[in-house]
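Computed from the coordinates by the stated procedures, all read-outs in this text should not be read as laboratory data. Model, not experiment: these values are computed from the prediction. No Cβ is skipped: glycine too gets one built from the backbone with ideal geometry, and neighbour counts run over all protein chains shown.
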Amino acid sequence: MSNDVIAAIAIGFIGSSHCLVMCGGIVAALQLAMPKANTARKLWLQLVLSLGRLSTYSLFGAAVGYFGASAMQLAGGSLLWLRLVAGLLLIAIALYISRLWFGLLKLEQLGQGIWRYIQPLTKHCLPLDSTKKAYLYGLCWGWLPCGLVYSALSWSLVSGGASAGALVMFAFGLGTLPAILLSGLAAQRLNTIKNNLIVRYLTALILASYGLYTLWLAASRLFH
């Protein structure tokens, strides 16, 4: 379980350059929607926003983790079959991070239908002049279609239960925090580091290796 949590944090951090593309505009718009307060107040509201987003991720993880465990129990099968799927998706994430394959973007189309109903709710939270509004907006923000989020959910699917699934997705969300919270020059520097080819390929290699290890471990237990 600890390895899955570490992998989830790494996926969130390295893949957060995608978050900057998907959510960078949202973060900038939310800064403008905040009242003219001091820096500490704005930072607090940003943290609350992210807490709302991570709460939604954790809820998804709990639901998927419970479903995976229940489905395998009813089917009389092993979670190792689902872990094979998780291993394959981790390799897909590695290919995405290395920019060799962008198939994960197709997953984002699956959530567009639901997002159409969630997005109008965010208007009721503006301007972000209170902790409550910031948290509620963050809850909605977590529904934004993202292939990286959907892939990370595969690890919740094989986690073995609701609490473990929630923990995996919370860890994934923590990994995305630096890119979301940092702004301006700091975010650009962070993005430059992550976009360095050596860094991206090395990280992709590590994640792909863990994906292959996951496949080997699951297959060896299933077929021996």
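Taking Cα centre as origin and charging only the Cβ of basic (Lys, Arg, +1) and acidic (Asp, Glu, -1) residues, the dipole magnitude of the chain rounds to 480 debye. For the pair His124 and Ile198 in one chain, pulling the backbone fully straight at 0.36 nm per residue adds 22.3 nm over the alpha carbon distance. Helical runs assigned H by DSSP (4 residues or longer) give the chain a calculated mean residue ellipticity at 222 nm of -26000 deg cm²/dmol, each run adding -39500 (n - 2.57) before division by the residue total.
Neighbours of Met34 by Cβ distance under 12 Å: Lys/Arg scored +1, Asp/Glu scored -1, total +3. Taking R0 as 41 Å, what's the FRET efficiency between Trp115 and His224 from their Cβ-Cβ distance, rounded to 0.05? After rounding to 0.05, the efficiency reads 0.40.
Given a cut-off of under 8 Å on Cα pairs at least six residues apart, what relative contact order in percent is computed for the chain? Worked out over the chain, it gives 42 percent. As a rough footprinting exposure proxy, the listed residues Trp141, Trp101, Trp155 were ranked by other beta carbons within 10 Å of their own, and the order from fewest upward is Trp101, Trp141, Trp155.
Round to the nearest 0.05 the FRET efficiency obtained for Arg41 and Leu88 when R0 = 35 Å and r is the Cβ-Cβ distance. Working from the Cβ atoms, E equals 0.20. Dividing the Cα radius of gyration of the range 2-222 by its Kirkwood radius returns 0.99 for Rg/Rh. For Asp129, Asp4, the sequence from fewest to most other C-beta atoms within 10 Å is Asp129, Asp4. For the chain, the tally of Lys pairs with Cα-Cα distances below 15 Å comes to 4, considering only residues 8 or more apart or on different chains. The shape of the range 95-224 can be summarised by an equivalent ellipsoid whose semi-axes, obtained from the alpha carbon gyration tensor, come to 30, 22, 15 Å from longest to shortest. Residues Lys123, Lys36, arranged from fewest to most other Cβ atoms within 10 angstrom of their Cβ, appear as Lys36, Lys123. Using only Cα atoms, tell me the angle between helix 16-33 and the longest principal axis of the chain; keep it within 0 to 90° and round to the nearest 10. Long axis of 16-33 versus the principal axis of the chain: about 20 degrees. Counting only alpha carbon atoms, the long axis of helix 162-181 and the longest principal axis of the chain meet at about 50°.
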